[in-house]
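Where a number appears in this text, it was derived from the coordinates with a stated rule and is not lab data. Please read all numbers here as calculations on a predicted model, not as lab measurements. Every residue, glycine as well, gets a Cβ built from its backbone with ideal geometry; the counts of neighbours run over all protein chains shown.
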Amino acid sequence: VDRVLRGRIDDRFATVRLGGLNLDAREARTMRRVKILGCGSAYHAGQIGAQMIEELARIPADAEPASEFRYRNPVVEPDTLYIAVSQSGETYDTLAAVQELKRKGARVLGVVNVVGSAIARETDGGVYVHAGPEVCVVSTKCFTNTAVAFALLALHLGRIRDLSVADGKRIIEGLRKLPGQIAEIMEQEDHIATLAKEFADAKSMMFVGRVRGYPVAREASLKLKEISYIHAEAYPASELKHGPLALIEPATPTVAIVPRDDLLEKNRATLEEIKARSGRILAVAHEPQEKADDTIVVPRNEPELDPVLMGIPLQLLAYHTALALGRDIDKPRNLAKSVTV
Ligand code: F1P
């Protein structure tokens, strides 16, 4: 944890690194709020991060699209820690939000992939996520790595604020298991590709997830939209009954992200509500779901790390759906490597 957070992960980047958190223990103890800003996948990774910070460090935290934040004359508070998230480090909306916050005297950290990028240079500190230098328009590895960086950050803040050492150990052990578990998920690629062929005919798809599953649902629906151009909606599972259930019908498949064992009954009820409307269901869960037509089974880890693992099969689902439709995945329409306007 310390190695990553102090920016010492790779000395090759010595001159351009964000330099670690740059946050002393007193600041970390008195901080009252964390606000995370980013666009697209970076925003969704920020939503995961906000949940982790609330859960593991017990600091109120939320995420907001940077593209909206800067147009609404936000209240900037001195005891709020702002964190900008960006794969490219060049996204204009996120950079502009950082600059605006700095003008107002806020402390802004970055969670960034591209070394030496504009956001990395403008922030007061932060971490690189080291998701690789490959030029890829659609963020995938970076989304996963950013979620891991937030788990480390949440642990670090929790530790400074004297929260449970047992939690820290539990999460660190969970993080160690991730590479092997990700390999297990990748072994299901053929199964996921078969499912994707079935979904390629859909005009519209619904993604639902409860609590930790919700940012994953949002990200999965964005991936599908970005590269397959299939219309997709994402809803928090508990919001379905407030209107969107009307959209469920046989021609609109639903992907339900249902990891939490403690919410098993609620999740089952959601699946039943969808099934009652003859909607086809693909569940992403730790064990096969009786009410679903298919389940992608994701290995069990610590519950806080579920979003890290559950996003991966759905990135693969979007990829194979786009492939089945003959889309140019590396050059999706209307999407640039970094959105600079
Ligand atoms: C933000 C973003 C990506 C998306 C696409 C367009 O980029 O919305 O999430 O996949 O590349 O830009 P970034 O700030 O994370 O580089």
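Using only alpha-carbon positions, what ratio does the radius of gyration of segment 130-204 give when scaled by 2.2 N^0.38 Å?
1.52
Normalised by the residues of segment 2-163, what does the relative contact order come to in percent, with Cα pairs under 8 Å and at least six apart?
Result for segment 2-163 is 28 percent.
If Lys and Arg each add +1 and Asp and Glu each add -1, what is the summed charge of the other residues whose beta carbon sits under 12 Å from the beta carbon of residue 28? Please report the intermediate quantities before stating the final value.
Values: positive: 26, 29, 32, 107, 159, 161; negative: 24, 27, 79, 162.
Result for the neighbourhood of residue 28: +2.
I need the calculated FRET efficiency for the pair residue 73 and residue 172, taking r as the beta carbon distance and R₀ as 41 Å, to the nearest 0.05.
With a Förster radius of 41 Å, E is 0.50.
Which of the listed residues, 270, 248, 320, is farthest toward the dipole's positive end in segment 221-341, when Lys, Arg count +1 and Asp, Glu count -1 at the beta-carbon?
Checked the options; the winner is 320.
Where nothing but the Cβ of Lys and Arg (+1) and of Asp and Glu (-1) is charged, how large is the charge dipole of the chain around its Cα centre, in debye to the nearest 20?
On the way: 45 positive and 46 negative charges, 189 e Å.
Its charge dipole is roughly 900 debye.
Which of the GluC sites (Glu not before Pro) across segment 182-264 are loop residues per DSSP, with 14 or fewer other Cβ within 10 Å?
187
Compute, for segment 2-163, the length of the dipole vector about the Cα centre, with Cβ point charges of +1 (Lys, Arg) and -1 (Asp, Glu) only. Units Debye, rounded to 20.
So the dipole magnitude of segment 2-163 works out to roughly 340 debye.
What size of dipole, in debye to the nearest 20, comes out for segment 184-324 about its Cα centre when the only charges are +1 on Lys and Arg C-beta atoms and -1 on Asp and Glu C-beta atoms? Before the final figure, lay out each step's value.
On the way: 16 positive and 23 negative charges, 108 e Å.
Dipole about the Cα centre, nearest 20: 520 debye.
When DSSP assigns beta bridges and you keep just the ones with both residues in the chain, what percent turn out antiparallel, to the nearest 5? List each step's numbers first, then the result.
Values: 1 of 39 bridges.
Antiparallel bridges make up about 5 percent of those DSSP assigns within the chain.
May I have the count of lysine pairs in segment 184-324 with C-alpha atoms under 23 Å apart, counting pairs 8 or more residues apart or located on different chains?
15
What does the convex hull of the Cα atoms come to per residue for the chain, in Å³?
Working: hull volume 44.6 nm³, N = 341.
Cα-based convex hull of the chain, divided per residue, equals 131 Å³.
Using only the alpha carbons of segment 198-341, determine the length spanned along each of the three principal axes and report them from longest to shortest in whole angstroms.
Its Cα atoms span 43, 34, 28 Å along the three principal axes.
Quick one: among 206, 310, 186, which has the greatest mean-square fluctuation in a GNM of the chain with alpha-carbon springs under 10 angstrom?
The residue that fluctuates most here is 186.
Where in the chain are the DSSP H helices whose alpha-carbon span along the long axis reaches 20 Å or more and whose Kyte-Doolittle mean is at least 0.5?
Helix filter hits for the chain: 141-160, 306-324.
Using modelled backbone amide H atoms (1.01 Å from N, in-plane), which distant-in-sequence or interchain residues come within less than 5 Å of residue 125's amide H?
110
Along the charge dipole of the chain, pointing to its positive end and built from +1/-1 on Cβ of Lys, Arg, Asp and Glu, which listed residue (94, 39, 25) has its Cα farthest out?
Of the options given, the answer is 25.
What distance in nm separates the simple spin-label points at residue 293 and residue 239, each placed 7 Å from Cα in the Cβ direction?
Once both label points are built, they end up 2.5 nm from each other.
Is the shape of segment 2-163 rounded, prolate or oblate, going by the alpha carbon gyration tensor and its root eigenvalues a ≥ b ≥ c, with a/c under 1.5 for rounded and a/b larger than b/c for prolate?
rounded
Pairs of alpha-carbon atoms within less than 8 angstrom and 6+ residues apart define the contacts here; what relative contact order does segment 189-284 have, in percent? Don't skip to the answer; put the middle values down first.
Values: 147 pairs, mean separation 28.9, N = 96.
In percent, rounded to a whole number, it is 30.
Which semi-axis lengths, in whole Å and largest first, follow from the square roots of five times the eigenvalues of the Cα gyration tensor of segment 187-226?
20, 14, 9
May I ask you to list the chymotrypsin sites (Phe, Trp or Tyr not before Pro) in segment 29-128 that are in a DSSP loop and have at most 14 other Cβ atoms within 10 Å of their Cβ? Before the final figure, lay out the partial values.
Working: sites: 43, 69, 71, 82, 92, 128; in loops: 71.
Answer in residue order: 71.
Could you tell me, in Å, what Rg and Dmax come out for the Cα atoms of segment 51-126?
Cα-based Rg and Dmax for segment 51-126 come out at 12.1, 32 Å.
Say the dipole of the chain comes from +1 at the beta carbon of Lys and Arg and -1 at that of Asp and Glu; which of 301, 105, 178 then lies farthest toward its positive end?
Result: 105.
Could you pull out every one of the aspartates and glutamates with an alpha carbon less than 18 Å from that of residue 102, ignoring same-chain neighbours closer than 8 positions?
27, 64, 68, 77, 79, 90, 93, 122, 124
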